[in-house]
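Nothing in this text is a laboratory measurement; each read-out follows from the coordinates by a stated rule. What you see is a predicted model, and the numbers here were worked out from it, not measured in a lab. Neighbour counts run over all protein chains shown; Cβ positions are idealised from the backbone, glycine included.
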Amino acid sequence: MRKKVIAGNWKMNKTPAETTVFINELSKVTAGKNNCDIIACVPFVDIQNAVAAAKGTNIKIGAQNVHFEKSGAFTGEISADMLLDLGVEYVIIGHSERRQYFGETDDTVNLRVKAALSAGLIVILCIGELLAQREDGITSEILSMQTKKALKGLTKDQMKNVIIAYEPVWAIGTGKTATAEQANEACLIVRDAVAEIFDKETAENTIIQYGGSMNAKNAAELLAMENVDGGLIGGASLKSADFGIIVDAAQ
Ligand code: PGA
């Protein structure tokens with residue numbers, strides 16, 4: 001049985017002061033709900049406050065990106081060691097917004113995944129097809145390719161620290177959710193790709209989340225699907241009551 005993982009992706013929202021208030025509020029909502037892992041992936045500058053406020057609660061803190069080098073002349077970048085030092089446990093890598101607006105490629109995603117894992121972080125690897133790719137009937141090919149490229153060179157053992165988030169790009173922030181069947185089917189494609197690279201057992205143990213307009217209303221149906229092991233939630237993670245309902249649905 002795979003444990004469900006519910007992760008919030010705050011994107012570029014909330015100041016450090018707002019973070020403290022929000023995590024305090026959220027921890028009341030999530031208290032005692034220990035049948036799933038609960039993560040808040042916050043902006044870099046909010047990390048210290050988030051870690052402090054989450055101490056002693058069941059909320060774990062993640063970052064939204066990490067650089068692939070250990071240190072050096074990379075202005076504006078943050079290393080895995082810096083994140084670990086602050087108490088970060090998770091990091092989102094390869095989000096479609098990074099791919100779309102910040103030049104992230106399958107190759108740099110792979111480098112970041114390896115750097116994060118070597119440092120001891122748990123990776124939330126994002127993949128997903130564009131609307132045009134779905135309409136062209138190449139969703140399966142795109143998902144397999146992205147999965148294989150991102151996980152290139154990893155060991156089976158390292159896969160224990162990799163969560164994959166299937167996020168159809170057309171569903172992110174659009175209010176257009178994949179149907180439960182579409183989400184399940186895509187997560188299975190990803191699981192099959194993991195089995196091809198590693199083996200069936202590794203694939204069966206890999207947590208594969210759905211992300212893309214998951215909210216308090218549709219979470220239960222999506223999370224009930226066999227291959228959907230959790231959610232990566234943007235908009236609805238910024239409201240504690242809504243996030244709490246999604247966490248409830250994962251219980
Ligand atoms: P959304 O974002 O829930 O606002 O669609 C999901 C994500 O980008 O991870």
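Of all residues in the stretch 233-250, those being within 14 Å of the ligand (Cβ to nearest atom) and of a type in the set (Gly, Ala, Ser) number 4. Each residue in the stretch 215-231 was checked for being under 18 Å from Val29 (Cα atoms) and within 11 Å of the ligand (Cβ to nearest atom), and 3 of them qualify. For the stretch 201-229, a residue qualifies if it is over 17 Å from the mean Cα position of the chain (by Cα) and polar (S, T, N, Q), and the qualifying residues are Thr202, Asn218.
The number of residues in the stretch 13-64 being among the β-branched types (Val, Ile, Thr) and touching a Leu at 6+ places or on another chain (Cβ under 7 Å) comes to 3. So in the stretch 138-152, with the set limited to residues that are closer than 12 Å to Phe198 by Cβ and surrounded by fewer than 22 Cβ atoms within 10 Å (Cβ to Cβ), which one is nearest to the ligand (Cβ to nearest atom)? Looking at the filtered set, the residue picked out is Lys148.
Residues in the stretch 93-130 that are over 16 Å from the mean Cα position of the chain (by Cα), aliphatic (A, V, I, L, M) and either in a loop (DSSP other than H, G, I, E, B) or within 14 Å of the ligand (Cβ to nearest atom) (or both): Leu130 alone.
Identify, please: which residue in the stretch 168-194 is within 16 Å of the ligand (Cβ to nearest atom) and either small (Gly, Ala, Ser) or within 25 Å of Gly120 (Cβ to Cβ) (or both) and is, among those, surrounded by the most Cβ atoms within 10 Å (Cβ to Cβ)? Per the criteria, the residue is Ala183. The residues of the stretch 81-120 that are among the aromatic types (Phe, Trp, Tyr) and surrounded by fewer than 17 Cβ atoms within 10 Å (Cβ to Cβ), listed by number, are Tyr101, Phe102. I'd like to know if the stretch 65-80 contains one or more residues that are surrounded by fewer than 18 Cβ atoms within 10 Å (Cβ to Cβ), touching a residue at least 24 places away in the same chain (Cβ under 8 Å), out of contact with any Leu (no Cβ under 9 Å at 6 or more places or on another chain) and farther than 24 Å from Gly211 by Cα. Within the stretch 65-80, one or more residues are surrounded by fewer than 18 Cβ atoms within 10 Å (Cβ to Cβ), touching a residue at least 24 places away in the same chain (Cβ under 8 Å), out of contact with any Leu (no Cβ under 9 Å at 6 or more places or on another chain) and farther than 24 Å from Gly211 by Cα.
Summed over the stretch 222-241, residues that are in a helix (DSSP H, G or I) and more than 16 Å from Cys36 (Cα to Cα) total 5. Is it fair to say Gln182 is in a loop (DSSP other than H, G, I, E, B) and farther than 15 Å from Asn9 by Cβ? No; evaluated as a whole, the condition is false for this residue. Being within 14 Å of the ligand (Cβ to nearest atom), without any contact (Cβ under 8 Å) to a residue 40 or more places away in the chain and under 30 Å from His67 (Cβ atoms) is a property that Thr155 lacks. Within the stretch 203-224, residues that are closer than 14 Å to Cys187 by Cβ sit with their Cβ atoms under 7 Å from residues that are more than 10 Å from the ligand (Cβ to nearest atom) and polar (S, T, N, Q), at 6+ positions apart or across chains, in these pairs: Ile208/Asn227. Within the stretch 67-92, the set of residues being within 16 Å of the ligand (Cβ to nearest atom) and among the aliphatic types (A, V, I, L, M) comprises Val91, Ile92.
Within the stretch 14-55, the residues that satisfy the criterion of being over 19 Å from the mean Cα position of the chain (by Cα), in a loop (DSSP other than H, G, I, E, B) and farther than 18 Å from Gly234 by Cα are Ala31, Gly32, Lys33, Lys55. Considering the stretch 195-214, and only residues there that are among the hydrophobic types (A, V, I, L, M, F, W, C) and assigned to a loop (DSSP other than H, G, I, E, B), the residue that is farthest from the ligand (Cβ to nearest atom) turns out to be Phe198.
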